[in-house]
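Everything below concerns the one structure shown next.
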């Protein structure tokens, strides 16, 4: 299986603090990530060691573990797994509210995931709803 690491980004359109809060509270992820229908977590905010499951369409549940969080730098990383498939994802929010993502994993999973991720990042930075929750 070929492993790839690919990144994408979205321009800053909402304030950086708002964008970060939309990341930092996993319960908010379904609001901006169309590939997520629900989230179950061991804690309400991102922190290293937080575990959980992301619910996706068709009843798919992806287990995850948050591996790193830097609230000051507004960056975080997590490992997601579905059966034998593993992804490592790194996220960040720039001072201007822009956001970026890097995904490492099997090319057969990463490449089809990227268009959904791009859409999610653009929704994440959408200024129309400036409330973090």
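The values are calculated or read from the model by the stated rules, or taken from the named source; none is laboratory data. Keep in mind that this is a model prediction, so the values were computed, not measured. All Cβ positions, even for glycine, are placed from backbone atoms using ideal geometry, and neighbour counts span all protein chains on display.
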Mind checking whether some residue in the range 6-26 is surrounded by fewer than 16 Cβ atoms within 10 Å (Cβ to Cβ), in contact with a strand residue (DSSP E or B) (Cβ under 7 Å, 6 or more places away or on another chain) and more than 16 Å from residue 117 (Cα to Cα)?
no
Looking at (1) assigned to a loop (DSSP other than H, G, I, E, B); (2) in contact with a helix residue (DSSP H, G or I) (Cβ under 8 Å, 6 or more places away or on another chain), can you tell me which one residue 91 breaks?
(1)
Residues in the range 39-49 that are under 12 Å from residue 62 (Cα atoms) and over 13 Å from the mean Cα position of the chain (by Cα): how many?
2
For the subset of the range 62-93 comprising residues that are exposed (fewer than 15 other Cβ atoms within 10 Å of the Cβ) and within 15 Å of residue 20 (Cβ to Cβ), which member is nearest to the chain's Cα centre (by Cα)?
68
Residues that are farther than 21 Å from residue 11 by Cα, in contact (Cβ under 8 Å) with a residue 40 or more places away in the chain and in contact with a helix residue (DSSP H, G or I) (Cβ under 8 Å, 6 or more places away or on another chain): does the range 104-111 have at least one?
yes
The one condition residue 114 fails out of (1) surrounded by fewer than 18 Cβ atoms within 10 Å (Cβ to Cβ); (2) out of contact with any strand residue (DSSP E or B) (no Cβ under 7 Å at 6 or more places or on another chain); (3) in contact (Cβ under 8 Å) with a residue 40 or more places away in the chain; (4) not in a loop (DSSP other than H, G, I, E, B) is (2)
Going through (1) loosely packed, with under 13 Cβ neighbours inside 10 Å; (2) modelled with pLDDT of 95 or more one by one, residue 131 fails only at (2)
When you scan the range 1-65 for strands (runs of 3 or more DSSP E) that lie fully inside it, which ones turn up with 2 or more residues that are in contact (Cβ under 8 Å) with a residue 24 or more places away in the chain?
3-10, 51-55
Odd one out for residue 104 among (1) over 19 Å from residue 25 (Cα atoms); (2) loosely packed, with under 15 Cβ neighbours inside 10 Å; (3) touching a strand residue (DSSP E or B) at 6+ places or on another chain (Cβ under 8 Å)
(2)
